[in-house]
Amino acid sequence: MSTNEERIKDEIVAFSDVMAMEWIARRGAEIERLMAYYRCAMMEIETKFKVLDQEYSLQHDRNPINDIKTRLKRMASIKEKLERKGLPFTMEAIEENLNDVAGIRVVCSFADDVYTLADALLKQDDITLIKKKDYIKAPKKSGYRSLHLVVAVPIFLENEKRPMKVEIQLRTIAMDCWASLEHQLKYKKDRTFTKAMESELLLCAELSTQLDEKMDSLRAGMDI
Ligand code: 0O2
């Protein structure tokens, strides 16, 4: 685990913009505090999913979660997103307007597990749903599929209970495989991405949907 000072230095190195570097250096302690709160919120949500996975495995003798990944958005991406939305690069703007500073990706075994887990999380009385985007029922033009939830979860500090936003992406192994490879192919800086490649990727997305459907019907057939 890196120290606060190391993390702030790391953030500064990620910037080419002198003004942003100065802003981060000046507000180091404040930024580190906010990021620590987001990290705690992420841990809360991760634990909730781990508990649901354990409970499900006791009841059904299989694990609905294949993998959980967490990530905190880098300051450089935070600044870029605020600029894109025409918002100032301030602590208040970050907290008020960005939903995905803390992100957690839950990779599920079967498509039905995505909805079972989402429903089980949203039923918990300390969770508030802020936004839901179902890119499984309505995939993106690119072919991207996932269920996105933005929730608020309270973190309990010494003298305060603080609701923090976390973006949750729930998807199957096939959806995750497609999204990871598409991301690698599409965002290679020195390569052009053609329309034909886009169509091929869309075809791969359709194949991944068929794979999920087949796997889910096998699971249903085995009654597990
Ligand atoms: P990272 O590091 O992956 O998180 P918002 O203002 O946040 O509600 P936004 O930003 O349009 O609206 O959110 P959207 O489109 O619902 O979800 C954005 C995130 O979904 C992306 O995060 C990706 O993780 C994922 N995503 C969305 N579309 C695609 C796609 O076509 N391909 C892949 N591979 N992933 C996608 P970021 O911002 O890219 O960063």
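Each reported figure results from applying straightforward, stated rules to the coordinates on display, with no laboratory input. Just so we're clear, the structure is a prediction, and the values are computed from it rather than from any experiment. Neighbour counts run over all protein chains shown; Cβ positions are idealised from the backbone, glycine included.
3J(HN,Hα) along the stretch 127-136: 9, 10, 7, 9, 7, 9, 10, 9, 7, 8 Hz, from the Karplus curve 6.51 cos²θ - 1.76 cosθ + 1.60 with θ = phi - 60°, whole Hz, x for Gly and Pro.
Simple spin-label estimate for R39 and D119 gives 3.6 nm between the two label positions (7 Å along the Cα-to-Cβ direction from each Cα). How high is the FRET efficiency from H60 to F156, r the C-beta distance, R0 30 Å, rounded to 0.05? Plugging the Cβ-Cβ distance into 1/(1 + (r/R0)^6) gives 0.40.
Residue by residue, the stretch 169-175 carries 3J(HN,Hα) couplings of 10, 10, 7, 7, 4, 5, 5 Hz when phi is fed to the Karplus relation 6.51 cos²θ - 1.76 cosθ + 1.60 (θ = phi - 60°); x denotes Gly or Pro.
Express in nm, to one decimal, how much length is gained between L87 and E213 on full extension, taking 0.36 nm for each residue of separation and deducting their alpha carbon distance. Using 0.36 nm per residue and subtracting the Cα-Cα distance, I get 41.2 nm. With the crude spin-label approximation of a point 7 Å out along Cα→Cβ, what separation in nm comes out for T192 versus K137? So the two model labels end up 4.0 nm from each other. Note on K50 and D126: the extension gain reaches 25.7 nm, defined as 0.36 nm multiplied by sequence separation minus the Cα-Cα distance. Mean residue ellipticity, 222 nm, helices only, the chain: the sum of -39500 (n - 2.57) across DSSP H runs of n ≥ 4, divided by residue count and rounded to 500, is -18000 deg cm²/dmol. Its relative contact order, with pairs defined as Cα atoms under 8 Å and 6+ residues apart, puts the stretch 3-222 at 19 percent.
Between the stretch 181-208 and the stretch 53-67, the alpha-carbon centres lie 33 Å apart.
Evaluated at q = 0.16, 0.17 Å⁻¹, a Debye calculation over the C-alpha positions of the chain (equal weights, vacuum) places log10 I(q)/I(0) at -1.21, -1.29. A Förster radius of 35 Å combined with the Cβ-Cβ distance from R27 to H183 puts the calculated FRET efficiency at roughly 0.70. Estimated from the Cβ-Cβ distance and a Förster radius of 30 angstrom, the FRET efficiency linking L203 and I224 is about 0.50. Applied to the stretch 45-59, the Karplus parametrisation 6.51 cos²θ - 1.76 cosθ + 1.60 on θ = phi - 60° returns per-residue 3J(HN,Hα) values of 5, 4, 4, 4, 5, 5, 5, 4, 5, 4, 5, 4, 5, 5, 7 Hz, with x for Gly and Pro.
One decimal place: the segment E96-L72 gains 7.0 nm when fully extended, by the rule 0.36 nm per residue minus the C-alpha distance.
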